[in-house]
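A.B. asks: Shown below is the structure under consideration.
All of the numbers you see were taken from the coordinates with simple rules; none came from a lab. Everything numeric in this text was worked out from a predicted model, so none of it was measured. Here the Cβ is made from the backbone with ideal geometry for all residues, glycine too, and neighbour counts use every protein chain on show.
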Amino acid sequence: MLTSRSRTALVIGAVLTSLLVAAAPSSADKDRDRGRGRDAKPLRGEPLVIAHRGASGYRPEHTLAAYELGARLGADFVEPDLVSTKDGVLVARHENEISGTTDVADRPEFASRRRTKVIDGQSLTGWFTEDFTLRELRTLRAKERIPDIRQRNTIYNGRYQVPTFQEVIDLARRLSRELDREIGIYPETKHPTYFRSIGLPLEEPLVRALRRNRLDRKRSKVFVQSFETSNLKALDRKIDTPLVQLFGSKRSRPFDFVAKGDTRTYADLATPAGLREIARYADGVGPSKDYIVPRDSSGASAAPTTFVRDAHRAGLVVHPYTFRNENTFLPRELRSSGDPAAYGNAFGEYSQFYGLGVDGVFSDNPDTAVEARAAR
């Protein structure tokens, strides 16, 4: 039973709380004045395992089979890269040019769709999702992207369709129920400036999908990522979902920087000042592994950088990419042989990065990432 003094204290506390809330700046003011990244601290904890394009070390990438296997192998998140169809539907492909990941080149009915386009300043020839309706795209079947390295995956060629973003969300929810743990989704907007330039912006359907599925909230198990900056800043004003700034090669620039004449590179964004700027609109950063552990001219690991420490000081979580088991993707000292497709000492690489304090890893082999995390 509350005493009179206790009741008085509660009333005073409630009044003070209401005054503080009334005087507090808006969330927009907080993001502007203090930086969105400060809110990322609750996102820190046990390192996350993100199934990169699904369990793409074992199944053709960006298929429901790859996502499901990734979750069943222990991943916390599955990662769909998003591009648009001609009729404005978001689908999961690493690139909008799909000759390397589907059987479109073998389909005579689509031979006339072959085009040469300039995407983010690069000339590409092939077949592009934006030239297909969803119905047409669904007639295609996925295939292994790097068959020389992952020959075993080719046995699954022709079995799986190109999934929609909504199908990935539905799958994650079903698996969450079956596995009795929440499976998150980690979508990436691919070439957002290009898609907006052709009248098929990615952000609006992405926001609609997140809102429709009640995934636009800070505590939703969702991250949204992009190599560009402008669309993340726009998304920051529309959704509370955590946002992640991806980093391309150090000498390259975000394409929206190129379009605006901004001469800064990703290396400039990786400085302490650049990371503090990112923290004003994003919650995390997704660097390639060499931002954290560079490699020398022989392919061996060099001394680690201060990137993780600098990002954490800015209030950003750090989710590097991409961890893979094959020798060709490992530093020289962890390779098992000269065979690029043979497995090397992937556990050694995970151990180093977990030890450096990363907050998550993108992995083609999520079971390896999970086991390495358990052995820390």
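A.B. asks: Using amide H atoms built 1.01 Å from N in the peptide plane, name the residues 5+ places from Ile119, or on other chains, whose amide H lies under 5 Å from its own.
C.D. replies: Here the answer is Leu124, since their amide H atoms fall under 5 Å of that of Ile119.
A.B. asks: Could I ask something else about it? Which order do peptides 173-183, 342-352, 87-97 fall in by mean Cβ count within 10 Å, highest first?
C.D. replies: Peptide ranking by packing, descending: 87-97, 342-352, 173-183.
A.B. asks: Of Ala55, Asn327, Trp127, which is farthest on the positive side of the dipole of the chain, counting Cα position, with +1 on Lys and Arg Cβ, -1 on Asp and Glu Cβ, and the Cα centre as origin?
C.D. replies: Positive-most Cα among the choices belongs to Ala55.
A.B. asks: Shifting gears a bit: For the chain, return all DSSP H helices satisfying: extent of Cα atoms along own axis at least 15 Å; mean Kyte-Doolittle hydropathy at least -0.5.
C.D. replies: Details: long enough: 4-23 (29 Å, 1.31); 165-179 (21 Å, -0.24).
Within the chain the helices that satisfy the rule are 4-23, 165-179.
A.B. asks: What does the highest-first list of 284-295, 314-325, 100-111 look like by mean Cβ count within 10 Å? Don't jump to the answer; show the numbers that get you there.
C.D. replies: Values: 284-295: 20.5, 314-325: 23.8, 100-111: 16.1.
Descending packing order for the listed peptides: 314-325, 284-295, 100-111.
A.B. asks: Among 307-313, 239-245, how do they line up from the highest to the lowest mean number of other beta-carbon atoms within 10 Å? Please list the in-between numbers first.
C.D. replies: Working: 307-313: 20.0, 239-245: 22.4.
Answer by packing, highest mean first, reads 239-245, 307-313.
A.B. asks: If you count the DSSP beta bridges with both ends in the chain, what percent of them are antiparallel, to the nearest 5?
C.D. replies: Details: 13 of 35 bridges.
Looking only at bridges with both residues in the chain, the antiparallel portion is about 35 percent.
A.B. asks: If you build the convex hull over the alpha carbons only and average its shadow over all orientations, what do you get for the chain? Give it in nm² to one decimal.
C.D. replies: On the way: hull surface 90.6 nm².
Directional mean of the projected Cα hull area for the chain stands at 22.6 nm².
A.B. asks: Whole-Hz ³J(HN,Hα) for each residue in the range 91-107, computed from phi via Karplus 6.51 cos²θ - 1.76 cosθ + 1.60 with θ = phi - 60°, x for glycine and proline: what do you get?
C.D. replies: Result, rounded to whole Hz: 10, 9, 8, 5, 9, 6, 8, 10, 5, x, 10, 9, 8, 4, 5, 9, 9.
A.B. asks: Would you mind giving the average projected area, over all directions, of the Cα convex hull of the range 111-161 in nm² with one decimal? Present the calculation step by step, with values, prior to reporting the outcome.
C.D. replies: On the way: hull surface 18.8 nm².
So the Cα hull casts an average projection of 4.7 nm².
A.B. asks: Which distance in Å, rounded to a whole number, links the C-alpha centroids of the range 161-189 and the range 50-76?
C.D. replies: After rounding, the separation between the Cα centres reads 11 Å.
A.B. asks: Rounded to the nearest 5, what % of DSSP beta bridges with both residues in the range 172-319 are antiparallel?
C.D. replies: Working: 1 of 11 bridges.
Restricted to the range 172-319, the bridges split so that about 10 percent are antiparallel.
A.B. asks: Between Rg and the Kirkwood Rh of the range 60-160, both from Cα atoms, what is the Rg to Rh ratio?
C.D. replies: Values: Rg = 14.0 Å, Rh = 14.4 Å.
Over the Cα atoms of the range 60-160, Rg/Rh equals 0.97.
A.B. asks: Could you state the number of Å between the C-alpha centres of the range 326-376 and the range 255-283?
C.D. replies: If you average the Cα positions of each part, the centres end up 29 Å apart.
A.B. asks: If you average 1/r across every pair of different Cα atoms in the range 154-276 and take the reciprocal, what Kirkwood value do you get, in Å?
C.D. replies: Numbers: mean 1/r = 0.0614 Å⁻¹.
Over the range 154-276, the inverse of the mean reciprocal pair distance is 16.3 Å.
A.B. asks: Using C-alpha positions alone, give me the convex hull volume of the range 55-94 per residue in cubic angstrom.
C.D. replies: Working: hull volume 2.5 nm³, N = 40.
Dividing the Cα hull volume of the range 55-94 by its residue count gives 63 Å³.
A.B. asks: Along its three principal axes, how long is the range 102-229 when you only count alpha carbons? Whole Å, largest extent first please.
C.D. replies: 44, 38, 29 Å, listed from the longest principal axis down.
A.B. asks: Taking the range 212-260, how much of its Cα-Cα pair set, in percent, is spaced more than 12 angstrom apart? Walk me through the numbers on the way to the answer.
C.D. replies: Values: 750 of 1176 pairs.
The answer is 64 percent, as a whole percent.
A.B. asks: Within straight cross-link reach of Lys250, meaning Cα distance under 18 Å, which aspartates and glutamates are found once same-chain residues fewer than 8 apart are removed?
C.D. replies: Asp120, Glu228, Asp262, Asp268, Glu277, Asp290, Asp296, Asp310
A.B. asks: Would you mind checking which residues have amide H under 5 Å from Phe247's amide H? H placed 1.01 Å from N; only 5 or more apart, or other chain.
C.D. replies: Correct list: Gly286, Ser288.
A.B. asks: Let me ask something else. What list of ³J(HN,Hα) couplings, whole Hz, do you get for the range 303-314 from phi and the Karplus terms 6.51, -1.76, 1.60, once you set θ to phi - 60° and write x for glycine and proline?
C.D. replies: Using θ = phi - 60°, the values come out as 5, x, 8, 9, 4, 4, 4, 5, 5, 4, 5, 7 Hz.
A.B. asks: Pairs Lys86/Lys218; Lys190/Lys260; Lys117/Lys190: which exceed 23 Å Cα-Cα? Intermediate values should be presented prior to the final figure.
C.D. replies: Details: Lys86/Lys218 31 Å; Lys190/Lys260 18 Å; Lys117/Lys190 15 Å.
Too far apart for the 23 Å limit: Lys86/Lys218.
A.B. asks: Can you list residues from other chains, or at least 5 along the same chain, whose modelled amide H is less than 5 Å from the amide H of Leu48?
C.D. replies: Amide H to amide H, under 5 Å and 5 or more residues apart or across chains, Leu48 pairs with Gly360, Val361.
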